[in-house]
1. In the range 52-92, which residue that is part of a helix (DSSP H, G or I), modelled with pLDDT of 95 or more and in contact with a helix residue (DSSP H, G or I) (Cβ under 6 Å, 6 or more places away or on another chain) is nearest to residue 328 (Cα to Cα)?
2. Right, residue 226: within 21 Å of residue 121 (Cα to Cα) and at pLDDT 95 or above or not?
3. Please go through the range 290-312 and give me each residue that is more than 23 Å from residue 70 (Cβ to Cβ) and free of Cβ contacts under 8 Å to residues at least 40 places away in the same chain, ordered by number.
4. Restrict the check to the range 348-363 and report whether at least one residue is at pLDDT 90 or above and under 13 Å from residue 57 (Cβ atoms).
5. Run down 91, 40 and say which single residue is under 28 Å from residue 286 (Cα atoms) and touching a residue at least 40 places away in the same chain (Cβ under 8 Å).
6. Failed condition for residue 49, given (1) assigned to a loop (DSSP other than H, G, I, E, B); (2) buried (at least 20 other Cβ atoms within 10 Å of the Cβ), with all others met?
7. Sort out for me the helices (runs of 4 or more DSSP H) sitting completely within the range 141-224 that have 3 or more residues that are without any contact (Cβ under 8 Å) to a residue 12 or more places away in the chain, in contact with a helix residue (DSSP H, G or I) (Cβ under 7 Å, 6 or more places away or on another chain) and outside the structural domain of residue 80 (by TED's automatic domain parsing).
8. Which residues, counting only those in the range 211-233, are surrounded by 15 or more Cβ atoms within 10 Å (Cβ to Cβ) and within 19 Å of residue 159 (Cα to Cα)?
């Protein structure tokens, strides 16, 4: 018994060692089978080879951690395209949806993950305003997701619980005059409304972020209908924002064209830059590659073709999917340049002059990925076996051996 007690500290130390080794392996791009396999700030995304999954980021670094003393147009925000169109969702009408999905989690979950730009399509439907995809410009039961007030209330709840959060809503607006104000009032969002009178009209700086927060003007809303600015006080988007082309045409390497309604990307009469990067037909598998290196590459292209301005909004489908850093990484890159003049906001040095950066050493290389389920390194599918994530086998056998040693 005394021998066992003497071995107890060694046993506990080795258990910690094996557990730490397993946790350290769960970095961006490492294999995983469940969310618990990934380290802090990561989730297990179905973006590996075949049916494999890898650890990927879901959240950007909050730029507010580096202060709020810059104009609002000196920050970049992760934005979800068709934020309401969720995979697996059922229509609130009770009908079976045939509309395409663009995201995987609720608007509340998106906001908790650091999304600060929401793209919503609003229609007059069933005597209310609904979030919907259209067929020939009309909303139907089979393309209607839910009443807009449901999502507006999610936004209101989040703003109330997070007094420093500033959210931007882009409305693809198909509603008649008078419809939207009723829903905004009923949702309780008007108390956070940023007034159009305070928006710069000729490309000047926006108010400081800290002033928007202190004055509780934390909801920025844009509409696609020009007449709504005068009739409802909802700012017409392209008077204040330049926006790149959406869909496949906006994903051509080396190009960053503006969408037809927007001024040219290099127009300096608008202070904000919105970069779209998603395919015409959304794909949960194809987005894994698109939301990775091509997205970061387009970030630099659009910067160069937008009058050397980094995007303030980066809009993607399935924002949590990538082969690693993804849309959160792209947002960090843009914020690094905007906030502190570094290649990534993670490199910003607190309380330092613009351009003072601290670049951490690169992490050690990850262990090789296990072969994809159904294949083997030699390509012989009959020799394949299901693989544990990195270090799980070593952890299992090491711990088993220690238990036997301790009990012997």
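1. 63
2. On the way: within 21 Å of residue 121 (Cα to Cα): yes; at pLDDT 95 or above: yes.
Answer is yes for this residue.
3. Kept after step one, since they are more than 23 Å from residue 70 (Cβ to Cβ), are these residues of the range 290-312: 290-295, 297-298, 301, 305.
Matches in the range 290-312: 290, 291, 292, 293, 295.
4. no
5. Working: 40 fails: touching a residue at least 40 places away in the same chain (Cβ under 8 Å).
Residue meeting the stated conditions: 91.
6. With (1) assigned to a loop (DSSP other than H, G, I, E, B); (2) buried (at least 20 other Cβ atoms within 10 Å of the Cβ) applied to residue 49, the lone miss is (2).
7. Working: elements: 148-161, 179-187, 209-214.
In the range 141-224, there are no helices (runs of 4 or more DSSP H) which contain 3 or more residues that are without any contact (Cβ under 8 Å) to a residue 12 or more places away in the chain, in contact with a helix residue (DSSP H, G or I) (Cβ under 7 Å, 6 or more places away or on another chain) and outside the structural domain of residue 80 (by TED's automatic domain parsing).
8. The answer is 211, 212, 213, 217, 218, 219, 220, 221, 222.
The values are calculated or read from the model by the stated rules, or taken from the named source; none is laboratory data. Since we're looking at a predicted model, the values are computed, not measured. All Cβ positions, glycine included, derive from the backbone under ideal geometry; neighbour counts span all protein chains shown.
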